[in-house]
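What follows is a short report on a single structure.
All of the numbers you see were taken from the coordinates with simple rules; none came from a lab. All of these numbers come straight from a predicted model, not from anything done at the bench. Backbone-built Cβ (ideal geometry, glycine too); neighbour counts: all protein chains shown.
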Amino acid sequence: MYEIRLRALAKINLGLDVLRRREDGYHEVRMVMQTLKMYDKITIRKMKEPGIQLKSNLFYVPENEGNLAYRAAKMLADEFQLRQGIFIDLQKFIPVAAGMAGGSSDAAAVLYGVNRMFHLNLTKRQLMKRGVKIGADVPYCIMRGTVLAEGIGEQLTPLPPMPSCKVVVAKPQVSVSTKFVYDNLKLDGSIIHPDIGLLMEGIREGSLSKVAAHMGNVLESVTIPHYPVIAKIREEMMRLGALNAMMSGSGPTVFGLFDDENLAQEAYQELREGTLARQVYLTGVFNRG
Ligand code: ATP
């Protein structure tokens, strides 16, 4: 096998709760993750000479160790002392620094692809164990689908697939650093925690309206006061008929769930024509199997 083509899928958080800050600075989270049918395209090729090379379509995405996909390839190349090199062509479509795990998903796809291409015979579990060293979301990006993520995000429990629906994704022009958001999170009495239990009940019952009713993200308490445009996009999505709309991860991307395809299409058009969001997408949820 000389070349392999992969799709690295984006995620949203249907629920994101932070339970506490650990001694080591990491945060203990409880999140319901959902994969979307929105992806970066990755082509991996073998090269004669050893080493890793990465090219991307976006000038501001790192093409060295700073890229999680590069690090994923290097990790396996070093461990298995691969004699051939790995070339990665990365076509980014997932918004960058947006709360959609774009970099983690690229790393997950490269781990999966290099494992197949070089016949390393690692199981998914073994890939996930290596992936967490690159980033807390990488194991989830290998598993994909509807999943409860606990610990620092690496303890995964698959859930039944969430009910199918349309998803409108809108990212304002601002960029948000995940570290900034967690550093400024105040876990005092004033914070409203989402009820992850009820959210999972909605998923188990296959009730999209119950899922929508119990969406929640504690990180909005940090990001929205700094970037009020996020709340404006959320309000606009609600006005345009979303069952509910919320910020994904540490933001600034907002997503809205729609049970009506025409409404979703109209919302997508309106947001594209408006000035609040810089990147707007219409997509759906991706489920395993
Ligand atoms: P998360 O949802 O995990 O917070 P994110 O969407 O906020 O992820 P990414 O798109 O993964 O963030 O990128 C954050 C930063 O990481 C970028 O600013 C970029 O410099 C760097 N980066 C590393 N690898 C990649 C990659 N493969 N694609 C895009 N950015 C990457």
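Could you tell me which of rounded, prolate or oblate describes the range 166-286, using a ≥ b ≥ c as the square roots of the eigenvalues of the alpha-carbon gyration tensor, with rounded for a/c under 1.5 and, failing that, prolate when a/b is larger than b/c and oblate otherwise?
On the way: a/c = 2.19, a/b = 1.12, b/c = 1.96.
The shape class here is oblate.
Considering the chain as a Gaussian network with a 10 Å cut-off on Cα pairs, which listed residue, Gln91, Gln81, Gln34, attains the greatest mean-square fluctuation?
Among Gln91, Gln81, Gln34, the largest mean-square fluctuation in the Gaussian network model of the chain belongs to Gln81.
For the range 42-82, state which chymotrypsin sites (Phe, Trp or Tyr not before Pro) are in a DSSP loop and have at most 16 other beta carbons lying within 10 Å of their beta carbon.
Phe59, Tyr60, Phe80
Let me spell out the model: positive unit charges on the Cβ of Lys and Arg, negative unit charges on the Cβ of Asp and Glu, origin at the Cα centre of the range 1-150. What dipole size does that give, in debye rounded to 20?
Approximately 440 debye in magnitude.
For the range 5-13, just list the computed ³J(HN,Hα) in residue order, Karplus coefficients 6.51, -1.76 and 1.60, θ = phi - 60°, integers in Hz, with x standing in for Gly and Pro.
These are the phi-based 3J(HN,Hα) values: 10, 9, 10, 9, 8, 7, 10, 10, 9 Hz.
From the phi angles alone, apply the Karplus equation (6.51, -1.76, 1.60; θ = phi - 60°) to the range 55-69 and give each ³J(HN,Hα) in whole Hz, x where the residue is Gly or Pro.
Values per residue, Gly and Pro as x: 10, 10, 7, 10, 5, 8, 8, x, 10, 10, 3, x, 9, 5, 5 Hz.
Can you pull out the trypsin sites (Lys or Arg not before Pro) in the range 1-83 that DSSP calls coil and that have at most 12 other Cβ atoms within 10 Å?
Loop-located and lightly packed - Arg22, Lys48, Arg83.
Counting Lys and Arg as +1 and Asp and Glu as -1, each charge on the Cβ, what is the dipole of the range 120-201 about the Cα centre in debye, to the nearest 20?
Details: 10 positive and 7 negative charges, 108 e Å.
In debye, rounded to 20, the range 120-201 gives about 520.
Could you pull out the pairs from Lys74/Lys124; Lys11/Lys232; Lys74/Lys133; Lys41/Lys179; Lys48/Lys74; Lys46/Lys74 whose alpha carbons sit more than 24 Å apart here?
Lys41/Lys179
Cα centroid distance between the range 217-289 and the range 106-134, in Å?
32
With a cut-off of 8 Å between alpha carbons and a minimum separation of six or more residues, what is the relative contact order of the range 3-158 in percent?
Details: 333 pairs, mean separation 43.5, N = 156.
Relative contact order of the range 3-158: 28 percent.
Of Leu271, Leu122, Leu156, which is the most mobile in a GNM of the chain whose springs link Cα atoms less than 10 angstrom apart?
Leu122
Counting other Cβ atoms within 10 Å, keep those with at most 10, restrict to DSSP loop, and tell me which GluC sites (Glu not before Pro) in the range 1-93 are left.
When the GluC sites (Glu not before Pro) of the range 1-93 are filtered for loop state and at most 10 Cβ neighbours within 10 Å, Glu23 remain.
What is the helix-to-structure angle for 196-205, meaning the angle in degrees between its Cα long axis and the longest Cα principal axis of the chain, kept from 0 to 90 and rounded to the nearest 10?
Between the helix axis and the principal axis of the chain, the angle is about 80 degrees.
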